[in-house]
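Bear in mind these aren't lab numbers, they're just calculated from the coordinates by the rules spelled out. Just so you know, these numbers come straight off a predicted model, no measurement behind them. Quick reminder, even Gly has a Cβ in these numbers, built from the backbone with ideal geometry, and neighbours come from all protein chains shown.
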Amino acid sequence: MVDLSSTNKTQGDKDKNTTNSINQNNKFWPYGWWKLMDDYKIGVIPLPLFIIAGIMIFAEVLVTGKLPSEIVVMVVTCAFFGFLCGEIGKRLPIVGKMGAAAICATFIPSALVYYGILPSPIVQATTKFYKDTHILYLYICCIIVGSIMNMDKKTLIQGFLKIFVPMACGEIVGMLVGVGMGYILGLSPFETFFFLVLPIMAGGVGEGAIPLSIGYASILGMEQGDALGRVLPIVMLGGLTGIICGGVLNRLGKAYPHLTGNGRLLPASEEDENNNNKATKTESIMDVTTFASGVLLAALLYMVGMIGHKLTGIPAPVGMLFAAVIVKLASGVSPKVLSGSQVVYKFFQTSVTYPILFAVGVAITPWEKIVAAFTIVNLIVIVCTVVSLVTTGFFVAKKLGMYPIDAAVISCCQSGQGGTGDVAILTAAERMELMPFAQIATRIGGAINVSVSLLILGNFLV
């Protein structure tokens, strides 16, 4: 005979335990607090920690009147403002899906500095931290090394050989279109080329605008400050246009998946796909020491690039890029260390990009110069130049059997502001894996453009 009372008692105990569990989980502390931590984030920061970070930053400024520029405080500060500005960009209608996050993370801080809205202690500390630590180079070296170590050898070799063709064709067409549009709008071909088109493709500020201003001062008899004042805003606007184009290309890739490799320039072979799958499995069981070895590998390769710069004059990021390619092709590190460098890449991509862009916006992006260059003629010439550059890269790459959208993103980087522009453009395009090719486009391509143009200017046009 079945004891129904015993059965009912057992069922009642279960229901009571379930009810207690539900009531316990409905308590705010700690379960509700944990839910806030897990379900609501600004960027990668849990919302409660984000709020606490903001309170701590402004409390420090209000109480002491200054903000330390040491790395611990700056990590919190740059993360707070960087992810906040990025989140604003992501939530904008329409443009939020076209690279607005990278634009906002860079240019909102610049505007806040110019209009005096961002407290001066934050501005001073961020600027000092950015310039003293050269944190951008750590970011770039980890991204480049991780990207290269994540590529299959076939893509690496063929990609570097083929990418120069769409780059060169894009620059030629972009220059012709830009000069032609300037002529239609009443500008002389000389002024259009040397003060509008060339700065766009000069490779940024340090490697482009400054050498151009020095060359113009020497050849044309201008003051270097005046020359830099004319060139620098065009570099900024060209980079902004490149960011927008990168965002548009990203949307195009989502609409037409067959046109993109999502960070690959060429289709991978079956063997390379198998190798990548093995690397992914290795990554899943990676320990902390392997992650550390990935960071050290990136830092050591950058030091190789620094030594190469002193010996040959080649920019350190480019020298590091070639060193990383040699290591990859020669199988110089184990698959486990390769997977470590790939995880380092992913960490910097997801967690450091927007903080870096905030620091760039505060420290080296002059809002007043950007606004001063916003004339209708300048904008038309710049947009036509960059769009024709990118469009040409797209169609030439397609003819060569490359993924046209990814190759066109590299063409966008030809109009960027050097390393900072590459970061912003690839962030908008969601293709940070292309950083090695972007560095080639901006640094080597920009150096060639500046050198050849100044040579022609000095020997044939003046």
field: Residue-by-residue Karplus 3J(HN,Hα) for segment 106-112, coefficients 6.51, -1.76, 1.60, Hz, glycine and proline x
entry: 9, 8, 4, x, 4, 5, 4
field: Crossing angle, helix 164-184 versus the chain [Cα axis fit, 0-90 degrees, rounded to tens]
entry: 60
- prompt: Could you give me the ³J(HN,Hα) list for segment 146-163, computed from phi with Karplus coefficients 6.51, -1.76, 1.60 and θ = phi - 60°, whole Hz, x at Gly and Pro?
  reply: x, 5, 5, 5, 8, 7, 6, 5, 4, 4, 4, 5, 5, x, 5, 6, 7, 5
query: On a 0 to 90 degree scale, rounded to 10, what angle separates helix 445-456 from the longest Cα axis of the chain?
result: 10
- prompt: Sequence-distant or interchain residues sharing an amide H contact under 5 Å with residue 42, placed H: which?
  reply: 47
message: Using only the alpha-carbon atoms, how far is helix 404-413 inclined from the longest principal axis of the chain? Give it as 0 to 90 degrees, nearest 10.
response: 70
statement: Here the gain from full extension of residue 303 to residue 252, 0.36 nm per residue of separation minus their alpha-carbon distance, amounts to 14.5 nm
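Apply 1/(1 + (r/R0)^6) to the Cβ-Cβ distance of residue 183 and residue 134, taking R0 = 45 Å, and write down the FRET efficiency to the nearest 0.05. The partial results should precede the final answer.
Working: r = 42 Å, r/R0 = 0.92.
Approximately 0.60, to the nearest 0.05.
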message: Tell me which trypsin sites (Lys or Arg not before Pro) from segment 34-75 have a DSSP coil assignment and no more than 14 other beta carbons within 10 Å of their own.
response: 66
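Assuming 0.36 nm per residue, please report the length gained on full extension of the stretch residue 120 to residue 343 beyond their Cα-Cα distance. Present the calculation step by step, with values, prior to reporting the outcome.
On the way: separation 223, 0.36 × 223 = 80.28 nm, distance 3.60 nm.
Stretched out fully, the residue 120 to residue 343 stretch lengthens by 76.7 nm.
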query: If each of residue 55 and residue 168 carries a label point 7 Å out from its Cα toward its Cβ, how far apart are those two points in nm?
result: 6.1
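Can you tell me how segment 332-453 classifies by the Cα gyration tensor, rounded, prolate or oblate, using a/c under 1.5 as the rounded cut? Working shown, then result.
Details: a/c = 2.09, a/b = 1.29, b/c = 1.61.
Oblate.
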task: State the answer as a single residue: which of 401, 183, 139 lies farthest towards the positive end of the charge dipole of the chain, with beta carbon charges of +1 for Lys and Arg and -1 for Asp and Glu, about the Cα centre.
output: 401
- prompt: In the chain, if every C-alpha pair distance is counted and binned at 10 Å from zero, what percent goes to each bin?
  reply: 4, 18, 28, 24, 13, 6, 3, 2, 1, 0, 0, 0
task: Please give, to one decimal in nm, the separation of the simple spin-label points placed at residue 73 and residue 37, each 7 Å out from Cα toward the Cβ.
output: 2.7
- prompt: Within a Cβ distance under 14 Å of residue 401, other residues only, what is the Lys/Arg minus Asp/Glu net charge?
  reply: +4
